[in-house]
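This report refers to the structure that appears directly beneath it.
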Amino acid sequence: MRDARTWHPPAPPGGTMGEPGARGRFGDYGGRYAPESLVQACREVEEAFREAWRDPGFRGTLAGLLAEHAGRPTPLTPARRLSEALGVRLYLKREDLTHTGSHKINNVLGQALLATRMGRRRLIAETGAGQHGVATATAAALLGLDATVFMGERDIERQSLNVFRMRMLGAEVVPVTSGSRTLKDATSEAMRHWVGMTADSHYCIGSVIGPDPYPWMVKEFQRVIGDEARGQFAAELRTGVPDLVVACVGGGSNAAGTFAGFADTTARLVGVEAAGGAGAARGRVGVLHGCRSLFLQDGDGQIVEARSIAAGLDYPGVGPEHAHLRDLGRARYVTVTDEEAVGAAVRLARTEGIVPALESAHALAWVIRAAGGGELPAGSTVLMTLSGRGDKDVATFKELL
């Protein structure tokens, strides 16, 4: 592991965070490891996405929805009191202020529009923290689609508010009782369900995981975070680029979208994983949910259950482009404990009046640790994506505080 006090990113390689290469791969990672019955469906999604992404009409309609329905652009908020205490200049990209309360709406509106373009009438989704499920249910209601959301039984218990929101919006929520009863198993069940429904249903994957083209497509829909932040920093700072760009990583969609705006700059990219679900930091090469990437595994190569207080980080791997960025040395991946994340959430609430989602609190916890431990030089500028708000985690906070 590189020491953050001496590590500087290499010059950005040409094409970093662009389209995947041959066979849908980012370096050695990615691909389309799907059952025969889903290969053609994935091809259809890829062809439709490529066509739509070249279409100014599609891009314009999506931009309009993001502005009028989701509330974009989101602000870049200086965390003044916390910055003074830490000795750095911390700016928060406020995805918590989007409609539905997280970055998930950016991707879902894009995929829901694509589904209607393809003539699909139903969205299938998986969810852990529930925010992707709420965003899917929201987009389905907005566009007149049906929605079925698979969610682990354990996550249903700890995210009951979001379950209620999904059902109020008209979505069917299907409890998953197999395995760890969390995000990994919800994803597996959603993919199995899609096998028999490809003619009329679109699988709306919530992160930069899954078979090609999903890791690339989801990244492109989330790129709006990084592109907005890049423009906002250009107006805010003389240099135009922060020293560090930090985001939490489960599968990694908010981080991928944020990093995409800065991959061709000198900014250091840091992805923060849960200590119990650190695919990029501690994983080994394997295949899960349709792609080759880095996953937690035992000695026999079996996937090991991830554990995190944050349901959205409770995933045993990382998206293939993150694995590629790690290998390139372009991004560094670190871990944070449950206790550190809760402490960071409380500190942000009491210094800035913002209660973050537990997922986002992991990213903040690393910034606090790095600033306090001398890893961040005094006066460093730090952009941190606040990927979601903490309403959904109030029950957890009440148990612990």
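Some observations on this one:
- Single unsatisfied condition, HIS362 versus (1) touching a strand residue (DSSP E or B) at 6+ places or on another chain (Cβ under 8 Å); (2) in a helix (DSSP H, G or I); (3) surrounded by fewer than 24 Cβ atoms within 10 Å (Cβ to Cβ): (3)
- Scanning the stretch 335-359 for residues that are open to solvent by 10 Å² or more (accessible area, probe 1.4 Å) and in contact with a strand residue (DSSP E or B) (Cβ under 6 Å, 6 or more places away or on another chain) yields a total of 2.
- Number of residues in the stretch 365-393 that are in contact with a helix residue (DSSP H, G or I) (Cβ under 8 Å, 6 or more places away or on another chain), surrounded by fewer than 24 Cβ atoms within 10 Å (Cβ to Cβ) and part of a helix (DSSP H, G or I): the value is 6.
- For the stretch 291-322, filtering for residues that are hydrophobic (A, V, I, L, M, F, W, C) and either touching an Asp or Glu at 6+ places or on another chain (Cβ under 6 Å) or assigned to a helix (DSSP H, G or I) (or both) leaves 6.
- Yes/no for VAL241 being in the same structural domain as ARG89 (by TED's automatic domain parsing), among the hydrophobic types (A, V, I, L, M, F, W, C), touching a Ser or Thr at 6+ places or on another chain (Cβ under 6 Å) and not in a helix (DSSP H, G or I): yes
- Flag for GLU321 being within 25 Å of TYR203 (Cα to Cα) and not small (Gly, Ala, Ser): yes
For every residue, the table says whether it meets (1) more than 18 Å from GLN222 (Cβ to Cβ); (2) modelled with pLDDT under 95; (3) in a helix (DSSP H, G or I).
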{"site": "ARG43", "(1), (2), (3)": "yes, no, yes"}
{"site": "ALA48", "(1), (2), (3)": "yes, no, yes"}
{"site": "ALA52", "(1), (2), (3)": "no, no, yes"}
{"site": "THR61", "(1), (2), (3)": "no, no, yes"}
{"site": "ALA70", "(1), (2), (3)": "no, no, no"}
{"site": "THR77", "(1), (2), (3)": "yes, no, no"}
{"site": "LEU92", "(1), (2), (3)": "no, no, no"}
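- Every test in (1) under 22 Å from ALA357 (Cβ atoms); (2) touching a residue at least 40 places away in the same chain (Cβ under 8 Å); (3) out of contact with any Phe, Trp or Tyr (no Cβ under 8 Å at 6 or more places or on another chain); (4) open to solvent by less than 10 Å² (accessible area, probe 1.4 Å) is passed by ALA247 save one, and that test is (3).
- When residues in the stretch 79-90 are screened for being more than 27 Å from ASN107 (Cα to Cα) and in a loop (DSSP other than H, G, I, E, B), 2 of them pass.
- Top-ranked residue in the stretch 270-279 [being crowded, with 24+ Cβ neighbours inside 10 Å and under 17 Å from GLU305 (Cβ atoms); ranked as nearest to the chain's Cα centre (by Cα)]: GLU273
- Selection status of ALA267, under 19 Å from the mean Cα position of the chain (by Cα), closer than 30 Å to LEU296 by Cβ and in contact (Cβ under 8 Å) with a residue 12 or more places away in the chain: no
- In this structure, LEU325 does not satisfy being part of a strand (DSSP E or B), aliphatic (A, V, I, L, M), modelled with pLDDT of 95 or more and open to solvent by less than 10 Å² (accessible area, probe 1.4 Å).
- Of the residues making up the stretch 92-125, those that are under 17 Å from THR258 (Cα atoms) and open to solvent by 20 Å² or more (accessible area, probe 1.4 Å) are ARG94, LEU97, LYS104.
The values are calculated or read from the model by the stated rules, or taken from the named source; none is laboratory data. Just so you know, these numbers come straight off a predicted model, no measurement behind them. Quick reminder, even Gly has a Cβ in these numbers, built from the backbone with ideal geometry, and neighbours come from all protein chains shown. Just the protein is used for accessible areas: all its heavy atoms, side chains included, with ligands, DNA and RNA removed. Shrake-Rupley method; radii C 1.70, N 1.55, O 1.52, S 1.80 Å.
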